[in-house]
Amino acid sequence: MNTIEVVLDRAKELNRKGDLNRDLEVLLCHCINKSRAWLYSHSEYIVTDFQVEKFFDLVLKRIRGIPVAYLIGRREFWSLELEVNESTLIPRPETELLVQWALDLNLPENSRVLDLGTGSGAIALALAFERPDWEVLAVDCCGSALSVAKENAMKLQLDSVSFLESNWYESLTKTTYWDLVISNPPYVDNKARIPNDLYFEPATALYSSNSGLSDLTKVIFESKDYLKSSGFLILEHGFDQGRDVRKTLETAGYFGIETKIDLAGLERATGGRNVE
Ligand SMILES: C[S@@+](CC[C@H](N)C(=O)[O-])C[C@H]1O[C@@H](n2cnc3c(N)ncnc32)[C@H](O)[C@@H]1O
């Protein structure tokens, strides 16, 4: 009999290292459309042949390295359930630091916020969820990522966010309009060996030239023409890029430059304010 217990045990045998046990449970929940809490209290529940087939197809893909978020098509970010696919980065918990920082600025009602490189819409949608009074624009150069972000906005009914396909600022009107520009741009060194856990995510979302600093530098210099006087720029970066980002912000003429540490104790986000 294909009970939950039997099916999970068979899947765990395929994953000899035992490092994917949690993911296997998530995949089974996805196939039978139940929560993990339900799974634990129904080990004798019979899984249909169709569900078993679908489950083992996903198990083999997971063992090959495909992230569980792509297999089930979603990831939670800032308590919002976001649709993701191979054209979007899988939102990371570290990025919630940027959202928290933006909220802590206590910007006034009707502030204008630009999320550069929105991907699944994670940052823009979390901000719109918390501050529906803000005007949020989410930009990405990848049309298929933007479609996912739009779909997420629609499902979550976050209609204060608009979307624009653009290569950074290229399609935006050049005016000092924004109170806050927030961005998690690609910052992984494009010359470095691709770590296994990034293998399935889109290269345009991850890699940048000049030791991973090219896009960060571009966004820092270009933002100056679009931020209001004293407007804020907040950027996510690699754990070892804080010093370079602070230096670039300084060179570009920002003030009030600050770096925030993530939950792992690593420098993860740096920001500053445009000239007054
Ligand atoms: C690291 S991902 C961040 C995605 C999302 N903001 C998040 O935090 O999960 C970087 C995003 O920047 C976008 N991007 C890369 N180069 C870009 C460019 N030149 N102009 C606009 N967006 C770009 C990628 O398509 C990707 O969605």
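If the condition is being more than 18 Å from Gly73 (Cβ to Cβ) and either in the same structural domain as Tyr199 (by TED's automatic domain parsing) or open to solvent by 80 Å² or more (accessible area, probe 1.4 Å) (or both), then region 23-40 contributes only Tyr40.
Within the set Lys247, Lys218, the sole residue that is of a type in the set (Lys, Arg) and either touching a residue at least 12 places away in the same chain (Cβ under 8 Å) or in a strand (DSSP E or B) (or both) turns out to be Lys218.
Restrict the check to region 2-15 and report whether at least one residue is open to solvent by 40 Å² or more (accessible area, probe 1.4 Å), aliphatic (A, V, I, L, M) and either touching a His at 6+ places or on another chain (Cβ under 8 Å) or farther than 30 Å from Ala145 by Cα (or both). For region 2-15, residues open to solvent by 40 Å² or more (accessible area, probe 1.4 Å), aliphatic (A, V, I, L, M) and either touching a His at 6+ places or on another chain (Cβ under 8 Å) or farther than 30 Å from Ala145 by Cα (or both): present.
The residue pairs whose first member lies in region 143-168 and is free of Cβ contacts under 8 Å to residues at least 12 places away in the same chain and part of a helix (DSSP H, G or I), whose second member is open to solvent by 80 Å² or more (accessible area, probe 1.4 Å) and within 15 Å of the ligand (Cβ to nearest atom), and whose beta carbons are closer than 6 Å, counting only pairs six or more residues apart or on different chains, do not exist in this structure. Can you pull out every residue in region 164-204 that is among the small types (Gly, Ala, Ser) and within 19 Å of Leu127 (Cβ to Cβ)? Answer for region 164-204, where residues must be among the small types (Gly, Ala, Ser) and within 19 Å of Leu127 (Cβ to Cβ): Ser166, Ser183. The residue that is nearest to the ligand (Cβ to nearest atom), among those in region 101-119 that are over 23 Å from Lys150 (Cα atoms) and in contact with a strand residue (DSSP E or B) (Cβ under 7 Å, 6 or more places away or on another chain), is Trp101.
For Leu89, the conditions (1) more than 9 Å from the chain's Cα centre (by Cα); (2) under 30 Å from Lys260 (Cβ atoms) are fulfilled apart from (1).
Under the condition of being surrounded by 13 or more Cβ atoms within 10 Å (Cβ to Cβ) and of a type in the set (Gly, Ala, Ser), the residues counted in region 231-258 number 4. When Lys155 is tested against the conditions (1) more than 15 Å from the ligand (Cβ to nearest atom); (2) touching a helix residue (DSSP H, G or I) at 6+ places or on another chain (Cβ under 6 Å), the lone failure is (2).
The values are calculated or read from the model by the stated rules, or taken from the named source; none is laboratory data. Quantities reported herein were computed from a predicted structural model and do not represent experimental measurements. Note that each Cβ is placed from the backbone with ideal geometry, even for glycine, and that neighbours are counted across all protein chains shown. Quick note on the areas: whole protein, heavy atoms, side chains included, nothing else; ligands and nucleic acids left out. Shrake-Rupley method; radii C 1.70, N 1.55, O 1.52, S 1.80 Å.
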